[in-house]
Amino acid sequence: MFSGRKGAVRLSVIVVISLIVIKIVVAVITGSLSILAQGIDSFMDLFAVSITFLAIHLSAKPADKEHPFGHGKAENIAAIIQAVLIFFAGGAIIYSAVMRGSDPTELELTEAGIAVMAVSIVASILLFRHLRKVAREEDSMALEANARNIATDVYSASAVLIGLVVVRFTGWKIIDDILAGIVALLILKVGIDVLRSSFGGLVDVKLPEEEEKHIRAAITEHYGSDVVEFHKLRTRKSGIQRYIDLHLVMPKHLSVEQAHAMCDHLEKDMKNRLRYTDVTIHVEPCNGKCEFCQLKCDERKMPKQR
């Protein structure tokens with residue numbers, strides 16, 4: 001029920017709405033601004049989950065006449081929006097700490113606040129782990145950003161929990177404010193990381209070096225048989241879809257059918273090594289400089305003996 005990208009989003013909606021309700025109720029009961037800020041943060045999470053759902057639905061649409069490369073970058077856009085929401089979450093915590101520092105009102109029923117923060121932390125950790133697992137399995141940028149967004153809830157709820165415990169036993173409200181400020185800075189760091197990785201897809205940054213190694217390995221293992229060399233390798237990613245194009249140099253005596261068969265083989269091999277991959281290969285004939293070629297073919301001329 002909660003497997004796959006859409007299942008993970010459904011689980012996020014259920015968990016986040018539940019946390020919003022209990023946080024708002026307890027914030028009203030205790031008069032805690034930090035718990036209220038947590039409720040606002042969870043409401044922003046619900047907005048982020050909605051964006052993720054729309055992005056996943058849109059990115060899953062097949063390519064069409066106006067979008068020949070598909071709709072994968074919708075996930076990158078969603079991740080950027082979530083990064084902005086993470087910034088707002090960090091700002092909300094800082095604002096809450098400043099407001100509470102200037103508010104002499106004592107907190108009431110801090111035990112209820114401690115309990116709801118403990119529940120929030122456990123629920124957020126479990127949801128974060130599930131979202132991250134699905135994001136890595138599905139290679140989804142939007143889900144990865146959503147998982148990081150939920151991770152910020154763990155940080156902020158932990159700070160609020162520690163602050164409430166300190167206030168409960170010492171009455172030092174300033175400790176809660178300081179902890180909230182520190183966690184807010186960590187949240188802003190997460191937002192920067194999400195923003196950086198999201199922009200990479202929008203400006204067509206190449207695939208990670210580890211993935212390009214798999215591409216090169218798929219080609220170079222055929223050196224000496226039907227492939228002379230390759231060059232002009234270009235890679236990029238749009239959502240979960242990878243795009244690879246390259247120039248492949250082959251013996252000029254091969255037939256079109258033989259060259260096509262090798263290209264088909266390479267495409268299948270690359271797709272087996274890297275999921276969600278689209279490959280374009282431009283075939284070129286060798287330049288006839290046999291003395292520099294590693295290929296064993298009938299037309300190869302052995303270098304002159306001296």
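Read the figures in this text as sums done on the coordinates, not as results from a lab. Values in this document were obtained by computation on a predicted structure and should not be read as measured data. Cβ sites come from the backbone with ideal geometry, for glycine too, and all protein chains shown count toward neighbours.
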Quick check on the stretch 209-292: of the DSSP beta bridges with both residues there, what percent are antiparallel, nearest 5%? 45 percent
Where labels lie 7 Å past Cα in the beta-carbon direction, separation of Val98 and Asp204 in nm: 4.3 nm
Can you give the FRET efficiency to the nearest 0.05 for His247 and Asp193, using r as the Cβ-Cβ distance and R₀ = 41 Å? 0.70
Based on the alpha carbons, how large is the Rg to Rh ratio for the stretch 209-292 when Rh follows Kirkwood? 0.98
Per-residue Cβ contact counts at 10 Å, fewest first, order Thr152, Thr280, Thr235 as Thr280, Thr235, Thr152
Order of Leu126, Leu58 - criterion: other Cβ atoms within 10 Å of each residue's Cβ, fewest first: Leu126, Leu58
Separation between the Leu186 and Lys6 pseudo-spin-labels, each 7 Å from Cα along Cα→Cβ, expressed in nm? 3.6 nm
Per-residue Cβ neighbour rank within 10 angstrom, fewest leading, Arg129, Arg242: Arg129, Arg242
Lys and Arg at +1, Asp and Glu at -1: add these up for the other residues within a Cβ distance under 14 Å of Thr152 and post the number. -2
